[in-house]
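Visitor: One structure, as structure tokens, below. Some questions next.
The values are calculated or read from the model by the stated rules, or taken from the named source; none is laboratory data. The structure presented is a predicted model; accordingly, all values stated were derived computationally and were not measured. Positions of Cβ are generated from backbone atoms using ideal geometry, with glycine treated the same way; all protein chains shown enter the neighbour counts.
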Amino acid sequence: MTYFGIKKGVNMSCVEKSIEQIEIIGNWAEVKAEWKDKPQWLDVLKKRLAYEAGKVIDAQNACSLSGLVYSLSTVCSILWDYARKIGKGTGFVNGHPIVHLYSVQISYLSGSGDSSVFPYVFDICEEIKSGKVDP
């Protein structure tokens, strides 16, 4: 497996690669495990978030709600790592432009942009939760 332009299993110190040479690809958990304790961690986070910003721009044409939710979950993990590194919290993550663009497209695809629907779908979820109706 290759991530950050480095083949897994190859004995190569992260310090040998400059941040400009690192290509952002791969599973975030693996990337985090490799880089979290390295001096370049903040640069890695910034570069990955720049990559994620490009992905969310492309996702404005998406039609897969589940794919968007999965991507949003990943980007929130990255944002939380970044927020902790720079001393920020929930407001930073919740209000981040990348999160906002994902939420707009998710809202569009789910048809939940109309807030008048909220009480109706909330009641249905309560009925599903209580077993009154089938999911």
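Visitor: Specify which of the listed residues (GLU30, GLU34) is over 12 Å from the mean Cα position of the chain (by Cα) and surrounded by fewer than 15 Cβ atoms within 10 Å (Cβ to Cβ).
Guide: Unique residue meeting the criteria: GLU30.
Visitor: A further question on this structure: Just need a number here: residues in segment 56-70 that are farther than 14 Å from HIS100 by Cβ and in a helix (DSSP H, G or I).
Guide: 7
Visitor: State whether one or more residues within segment 56-68 are among the acidic types (Asp, Glu), loosely packed, with under 13 Cβ neighbours inside 10 Å, modelled with pLDDT under 95 and within 16 Å of the chain's Cα centre (by Cα).
Guide: Yes, segment 56-68 contains a residue that is among the acidic types (Asp, Glu), loosely packed, with under 13 Cβ neighbours inside 10 Å, modelled with pLDDT under 95 and within 16 Å of the chain's Cα centre (by Cα).
Visitor: Shifting gears a bit: Just for segment 69-90: of the residues that are over 10 Å from the mean Cα position of the chain (by Cα) and of a type in the set (Val, Ile, Thr), which one is farthest from LEU109 (Cα to Cα)?
Guide: It comes out as ILE86.
Visitor: Can you tell me which residue among GLU52, GLU23 is closer than 29 Å to GLN105 by Cβ, modelled with pLDDT of 50 or more and outside any helix (DSSP H, G or I)?
Guide: Among GLU52, GLU23, only GLU23 is closer than 29 Å to GLN105 by Cβ, modelled with pLDDT of 50 or more and outside any helix (DSSP H, G or I).
Visitor: Another question, if that's okay. Report every pair of residues separated by at least 6 positions or lying on different chains whose Cβ atoms are under 9 Å apart, first residue within segment 117-135 and surrounded by 10 or more Cβ atoms within 10 Å (Cβ to Cβ), second in a helix (DSSP H, G or I).
Guide: So the pair list comes out as VAL133/ILE124; VAL133/GLU127.
Visitor: Does any residue of segment 118-135 turn out to be in contact with a helix residue (DSSP H, G or I) (Cβ under 9 Å, 6 or more places away or on another chain) and under 26 Å from VAL31 (Cβ atoms)?
Guide: No, there is no match, as no residue in segment 118-135 is in contact with a helix residue (DSSP H, G or I) (Cβ under 9 Å, 6 or more places away or on another chain) and under 26 Å from VAL31 (Cβ atoms).
Visitor: Right, another one. Could you check GLY95 against (1) surrounded by fewer than 18 Cβ atoms within 10 Å (Cβ to Cβ); (2) under 11 Å from the mean Cα position of the chain (by Cα); (3) not aliphatic (A, V, I, L, M) and say which number it fails?
Guide: With (1) surrounded by fewer than 18 Cβ atoms within 10 Å (Cβ to Cβ); (2) under 11 Å from the mean Cα position of the chain (by Cα); (3) not aliphatic (A, V, I, L, M) applied to GLY95, the lone miss is (2).
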